[in-house]
């Protein structure tokens with residue numbers, strides 16, 4: 001009995017609970033069922049990748065988690081409390097950088113800190129901003145403006161600003177989709193490292209199978225409007241792609257995900273759904 005009690009104490013609690021969620025897009029002429037009967041529990045400190053083709057509803061689900069849209073029915077709970085709108089308990093990074101062009105790198109990160117509502121003095125805020133700018137490797141560009149940065153550097157700033165909120169939950173919607181492959185790999189490994197070190201609960205949207213294997217504790221594979229499969233990734237962190245590639249576990253996961261992913265892509269094509 002004592003062993004069971006200790007195991008229970010060590011089991012992470014559910015940080016996010018998605019219960020029977022449905023969502024429709026409605027315009028004057030038609031209604032489109034974007035999500036149907038979505039159920040998913042996410043543990044504290046867990047890194048979840050939601051994998052699927054365009055149009056399957058993965059970004060819609062993230063928008064509900066962020067509080068940017070409201071479910072038609074069902075509920076989303078964070079720490080047992082219903083999500084009623086955006087909040088500083090959930091930091092969001094989108095594919096587009098959404099930086100303020102009139103603020104420097106440091107200024108953009110400071111904005112995130114101010115948004116958190118923490119009562120910090122000016123020097124404390126600046127020190128914290130510098131810490132997060134350094135964490136994404138941009139100390140040398142701290143006083144530059146977005147127009148002076150490359151795409152990869154801008155996305156690093158967006159990640160630093162989200163981390164600076166110091167919220168427990170990080171929501172990322174294909175944040176590296178528009179970045180070249182070399183920088184993409186660097187940012188994937190950076191986000192994995194920072195989120196592990198800071199014990200973040202992460203929901204990461206992607207259509208890239210290798211990205212999902214590199215980052216996730218579990219991969220949620222979506223077909224149009226539904227969760228098709230959930231696959232556990234039994235690989236320790238940190239993960240280096242060169243070390244993973246070719247291993248038995250990696251190849252097994254890759255086959256599983258390719259099968260699940262391309263089955264639903266073919267179903268979408270057969271159904272005439274735009275990809």
Practice problem: Go from 0 up to the bin containing the longest alpha carbon distance in the range 96-207, width 5 Å each, and give me the % of pairs per bin. | Solution: 2, 12, 24, 25, 22, 11, 3, 1, 0
Exercise. Describe numerically, in nm with one decimal, the distance between label points set 7 Å from Cα along Cα→Cβ at residue 98 and at residue 111.
Key: 1.1
Exercise. Give me the angle, in degrees from 0 to 90, between the Cα long axis of helix 122-135 and the longest principal axis of the Cα atoms of the chain, rounded to the nearest 10.
Key: 60
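Over the chain, what is the relative contact order in whole percent, taking alpha-carbon pairs under 8 Å and six or more residues apart? The partial results should precede the final answer.
On the way: 484 pairs, mean separation 64.8, N = 275.
That works out to 24 percent.
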Quiz item: Hey, what angle do you get for helix 248-271 against the long axis of the chain, alpha-carbon based, 0 to 90 degrees rounded to 10?
Solution: 70
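Across the range 145-206, how large is the tail of the calculated P(r) beyond 20 Å, expressed as a percent of all Cα pairs?
The calculated P(r) of the range 145-206 puts 22 percent of pairs beyond 20 Å.
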Quiz item: Out of the DSSP beta bridges found with both residues in the chain, what percent are antiparallel (nearest 5)?
Solution: 55
Quiz item: Can you sort 153, 222 so the residue with the fewest Cβ neighbours within 10 Å comes first?
Solution: 153, 222
Quiz item: When a footprinting reagent is the concern and you count Cβ atoms within 10 Å, what order do 240, 113 take, fewest first?
Solution: 240, 113
Exercise. Would you kindly state how much longer the chain becomes between residue 180 and residue 70 on full extension, computed as 0.36 nm times their sequence separation minus their alpha carbon distance, in nm to one decimal?
Key: 36.2 nm
Self-check item: Kirkwood hydrodynamic radius of the range 101-166, from inverse mean 1/r over distinct Cα pairs, in Å
Solution: 11.4
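Rounded to the nearest 500 deg cm²/dmol, what is the calculated helix-only ellipticity per residue at 222 nm for the chain, with -39500 (n - 2.57) per DSSP H run of length n ≥ 4?
For the chain, the value works out to -12500 deg cm²/dmol.
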Quiz item: Given (i) 64, 45, 31; (ii) 53, 53, 49; (iii) 58, 54, 41, which label gives Cα extents along the principal axes in Å as computed from the coordinates?
Solution: (iii)
Quiz item: Which residue, 67, 85, 52, has the most motion in a Gaussian network model of the chain that connects Cα atoms within less than 10 Å?
Solution: 85
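Read-outs: derived from the displayed coordinates by stated rules, not from any lab. Values in this document were obtained by computation on a predicted structure and should not be read as measured data. As a convention, Cβ positions derive from the backbone with ideal geometry for all residues, glycine included, and neighbour counts pool all protein chains shown.
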